[in-house]
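See structure below.
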Amino acid sequence: MEAAFRGGTAASATLVFVVIVAIAAFLVHKAVPALDGNSASFLTERQWLPDREPSRFGIAALVAGTIVTSVAALVLAVPVALGVALFVSEYAPPRLKAPLGYVTDLLAAVPSVVYGLWGVFFLVPRMQKLQEFLAAHLSWVPFFRVTPGEPVGGRSLFAASVVLAIMVLPIVAAISREVFVQVPQSHREAALALGATKLEAIRIAVLPASRPGVVSAIMLGLGRALGETIAVALVLSAAFTPSLRLLRAEGGNTIAANIATKFGEAGVPGRGALIASGLVLFAITLVVNVVARAILFRNRRAA
Amino acid sequence: MAAASLAALATSACGSDDNTLGRGTNAAPVNVTCGGSGTLTGAGSTFQKNIELQWIKDFTGACDGTTVDYKATGSGAGISQFGEGTVDYAGTDSLMKDDEQAKADARCGRGNTAIHLPVAAGAVVFTYHLRGLPDALRLSPATIAGIFTGKITRWDAPEVKADNPGVTLPTIAVQAVHRSDSSGTTDVLSRFLDAQAKDTWTLGVGKELSWPGGQAAKGSDGVTGVVKATEGGITYTELSFAKSNDLPWAKVRNASGAYVDAVGLNVSAALATAKLESAPTGDLRADVDYGTKEPAAYPVAAVSYVIVCDKGNKNAELLKAFLGYAVSGGQSGADQLGYAPVPTNIAVKLGLAVQALT
C-alpha cells in the first residue's frame, strides 16, 4: 500500500514533466517548417502573411502587444486588488467580509468571453471620452503619445488593457486576501502593542510576511493577462505595427488573440506560423515564472 | 404564425426593402423536386451561410425524410473537410489550390474529379456610419482605395467631394475598418481595387493584406459592429450584414462611369459579363470582370462555389435534388436575403452540371 501510493505520486510528478516536454516538442516540430519557409525575419517583420507566396511573418508586434497590454493591466489592477484584499482582511466589519469575499471570487469565475463581449459593447464606447482626455492632456507620458490627426481611442491597446485589468483584478485580490488572512493575528497584536498605528501594523507585520504570496498572486494574474485570448480578440483592433503607444485606434495585437483570429482560415504554413508564435508565448511565460521564482527565493533568503 | 407567413409572402411579392434578414422567409417554396432520402452534410463558406439555410429550410420542408446540414466553418476548413471525406459538399469563396484539388479528387475516387459550381452570388458593399447624409454616398474605386490605404483621412477630402457633388460632407475623420481574419471578402475587395484603382491601391491581392493602418475586427459581424459603433466608420462587407445592422451602403462607380446601387439585378448584370470557364466534368468557374462597361452593373460582385464530385458522390440522388433546387427555385429568394440571383447564362450551365452528377 505504501509503495503503491508512493509510486502513484511519483507517476503524477513525472506526468507533469512529460506533458511540458511533449508540448514543447510538439510546438517545435510544427513551427520549424513554417519558420524555414519564412522569407522575412521572424523577429522583426511587421506583417503576418504566412500563407502568401513568399511567406512573410514576424512576431515583433505580437510580443510588444502581449507584454504592453499585460503590464499595463497589472499596473492598473494590482493597486486596486491589494486595496480590496487589505480592506477585506484588515478593515472591513465582520458582517461585510464574507459578502465581499464572495463577490471577488465570483468576478474571478466569470468566463473571459463574457468580459470580452461586455468590453466591446459596453466599456469601449463609454471609454472614448477618457481615452481622448488622456491623449489630449497626458501625451507627455510616452505610452499615451499620439501622432496629430491619427484616430484616438476606440478598440485601442489601452481599452484592451483595461478589460484585462478587470479580469486580472479578482484573481490578485482573492489570492492576496487569502494570504493576508493567513498572517497570525498575534503579529498584528504585537505591532499594535508596541504602539504602531493600524497602517504601521499592516506595513511591518502583514505585508512583509505575505510578500511571497502576493508576488505569486501577481504572477498568476500576469499569466492570465499574457494568455488571455478571446476577450482580447474581441476588444482589440488588430494591427501589426509594433507599438507601445496605447491610445492609437489602430490598436495592436497579442499572440493569443492573433492565434484565435487567424487559426480558422489558416493554411498549412499559416498554422505553422501561429504555432511558432505559440512557442514564443510559451517561452515568455516560462521566463516570467522563472523570474518570479527567483524573486521569491531571494526574498526568502533575505528574511 | 399564419399572419407571419402572410406578411412574409406579401413583402416578397412586393419586393420592398426588408430589413429582417438572415431569419429566412416563410414563403412557400417553389420548384422543389424531391429525390433521394437520408442526410446530406456540407461545410465551408460563411458567405453562403444565409442562403444555404434558406435552401435547407425550403428543401427539407418539402421533402420528407431528408436532412441537410450546412456548417459555416470558413472556406478553407470546408475544403479540407471535403478532402478528408467528412462532408458531402463544401462551400468556398475561392477556387481550390492545386494541392487542395488533388486531395479532393482523391476523395472522389479513381478517375473522378471534384468540381466547382457557382451556386451563390452577391455583392461586397461599402457600408458607413455618417450622420445627416440625405442620400447614399457615392464612391469611385480610386476613392475607396484611398480610404482603405489611409491616403484619404477625412470625409471632406477633395476625392470624396468629387464623387458627391453638391453634398455637404461631415468634417470628421475617416475610420476605415478591415478584416483581421483571412477572408474571401478581402480577396474580392483587393481584386476589384487592383483592377480598377491600380494607381492608388498598393496592397496587392489576397485574402489577407498588409494593411498600412486603420482598425481591424474579426468576421463580417465584427467589422459591421465596429462601424455601427464608430461615427465616421466605413468597411467592406456582404450586403446582408449591412442590411441586418441597419447601416447604409454606398453606390459604387463602375467602368461606364455610372454610380450603381448593389441591388440584386445590378449584381447579376455584372456577373452576366463574367468570363466562364467550363469543363466536360461540369466544373464551372466564373472570372468576374470588375471593369465591365455594362451601365447597370454593380462592379464589386462575387460568386461563391459549392464543391462536389462529378461522379462517385455519396448519396448522389439527394445531392442532385438539393442542388437542383438551389440553382433553380432557390435563387428566387436570393435578393431578399442580401444575395443576387445567379445570372441566367450561368444558371443554365449549372442546371446541366447538377443533372449530370452521379
Just for segment A:79-118: of the residues that are among the β-branched types (Val, Ile, Thr) and farther than 23 Å from A:Ala159 by Cα, which one is farthest from the other protein chains (Cβ to nearest Cβ)? A:Val88
Does A:Ala24 qualify as being free of Cβ contacts under 8 Å to residues at least 24 places away in the same chain and not basic (Lys, Arg)? no
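Please find, within segment B:86-100, the residue that is surrounded by the fewest Cβ atoms within 10 Å (Cβ to Cβ) out of those that are within 16 Å of B:Lys320 (Cα to Cα) and not aliphatic (A, V, I, L, M). Even if it seems obvious, please write down each step before you answer.
Initial filter on segment B:86-100 (within 16 Å of B:Lys320 (Cα to Cα)): B:87-91.
Next, from what is left, pick out any that are not aliphatic (A, V, I, L, M): B:88-89, B:91.
Numbers: B:Asp88: 23, B:Tyr89: 26, B:Gly91: 30.
In this case the residue turns out to be B:Asp88.
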All positions within segment B:48-79 that are at pLDDT 90 or above, polar (S, T, N, Q) and assigned to a helix (DSSP H, G or I): B:Gln54, B:Thr60
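Checking the condition touching a strand residue (DSSP E or B) at 6+ places or on another chain (Cβ under 9 Å), over 16 Å from B:His116 (Cα atoms) and away from chain A (no Cβ under 14 Å), which residue from B:Cys63, B:Cys34 passes?
Working: B:Cys63 fails: touching a strand residue (DSSP E or B) at 6+ places or on another chain (Cβ under 9 Å).
Unique residue meeting the criteria: B:Cys34.
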Go through segment A:23-48 and give me each residue that's among the charged types (D, E, K, R) and either within 14 Å of another protein chain (Cβ to nearest Cβ) or assigned to a loop (DSSP other than H, G, I, E, B) (or both). A:Glu45, A:Arg46
Check segment A:249-263 and report whether any residue there is more than 13 Å from every other protein chain (Cβ to nearest Cβ), among the hydroxyl-bearing types (Ser, Thr, Tyr) and either part of a loop (DSSP other than H, G, I, E, B) or touching a helix residue (DSSP H, G or I) at 6+ places or on another chain (Cβ under 7 Å) (or both). no
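At least 2 residues that are over 19 Å from the mean Cα position of the chain (by Cα) in each: list the helices (runs of 4 or more DSSP H) lying fully within segment A:72-145 that qualify.
Numbers: elements: A:94-109, A:112-118, A:124-137.
Per the criteria, A:94-109, A:124-137.
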Residue in segment A:119-157 that is surrounded by the fewest Cβ atoms within 10 Å (Cβ to Cβ), counting only those that are more than 14 Å from chain B (Cβ to nearest Cβ) and touching a residue at least 40 places away in the same chain (Cβ under 8 Å): A:Pro142
Exactly one of B:Ala114, B:Ala136, B:Ala77 is touching a strand residue (DSSP E or B) at 6+ places or on another chain (Cβ under 8 Å) and surrounded by 24 or more Cβ atoms within 10 Å (Cβ to Cβ), and that residue is B:Ala114
Going through (1) at negative phi; (2) away from chain A (no Cβ under 14 Å); (3) touching a helix residue (DSSP H, G or I) at 6+ places or on another chain (Cβ under 7 Å); (4) surrounded by 21 or more Cβ atoms within 10 Å (Cβ to Cβ) one by one, B:Gly282 fails only at (1)
Identify the residue in segment B:241-269 that is in contact (Cβ under 8 Å) with a residue 60 or more places away in the chain and in a loop (DSSP other than H, G, I, E, B) and, among all such residues, is surrounded by the fewest Cβ atoms within 10 Å (Cβ to Cβ). B:Asp246
When every residue in segment B:289-328 that is in a loop (DSSP other than H, G, I, E, B) and of a type in the set (D, E, K, R) is compared, the one farthest from B:Thr344 (Cα to Cα) is B:Lys314
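The values are calculated or read from the model by the stated rules, or taken from the named source; none is laboratory data. Treat the numbers as computed from the prediction; the structure is a model and nothing was measured. Methodologically, a virtual Cβ is constructed for each residue, glycine included, from the backbone with ideal geometry; neighbour enumeration extends over all protein chains shown.
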